[in-house]
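The values are calculated or read from the model by the stated rules, or taken from the named source; none is laboratory data. Just so it is clear, the structure is predicted and the values come from calculations on it, not from any experiment. Here the Cβ positions follow ideal geometry from the backbone for every residue, glycine too, while neighbour counts run over all protein chains shown. Surface areas here come from the heavy atoms of the whole protein model, side chains and all, with no ligands, DNA or RNA. Shrake-Rupley method; radii C 1.70, N 1.55, O 1.52, S 1.80 Å.
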Amino acid sequence: MEGLRIYGGHYAELSRRFVARLGLHSTDAIAVLEIAAAEERGTPLSPARLSERISLSTGTTTALLIKPLNAAQRCIAGGVARKP
């Protein structure tokens with residue numbers, strides 16, 4: 001049980017540093033880390049499974065995934081991207 005607590009602490013610290021480094025919202029960073037971990041295991045996540053992993057509704061998770069993609073498409077198309 002102690003090992004699990006230590007692992008959780010390390011994961012939380014990794015998430016905090018990741019958020020700070022990339023300037024992401026903590027929910028976005030947690031989603032990215034979950035996706036990367038699933039890819040590393042060779043088991044990509046569906047939006048429904050990701051929503052379970054990050055404790056968000058499927059609608060919110062879909063919005064979380066689509067918003068950055070839409071912003072990237074606007075940048076590629078020569079549009080102006082908003083900065084927080």
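Working value for segment 1-48: equivalent-ellipsoid semi-axes of 19, 17, 8 Å, each the square root of 5 times a Cα gyration tensor eigenvalue, largest first.
When only Cα pairs below 8 angstrom with a gap of at least 6 residues are kept, segment 6-54 shows a relative contact order of 27 percent.
Remark: segment 21-37, residue by residue, has Karplus-estimated 3J(HN,Hα) of 5, 9, x, 8, 5, 4, 5, 4, 5, 4, 4, 4, 5, 5, 5, 4, 5 Hz, where x stands for each Gly or Pro and the curve is 6.51 cos²θ - 1.76 cosθ + 1.60 at θ = phi - 60°.
Between Thr27 and Glu52, the modelled label-to-label distance comes to 2.0 nm, taking each label 7 Å out from Cα in the direction of the beta carbon.
Could you sort Glu34, Glu52 by accessible area so the largest value comes first, with the probe set to 1.4 Å? Write down the numbers at each step before the final one.
Values: Glu34 20, Glu52 120 Å².
Largest accessible area first, the list is Glu52, Glu34.
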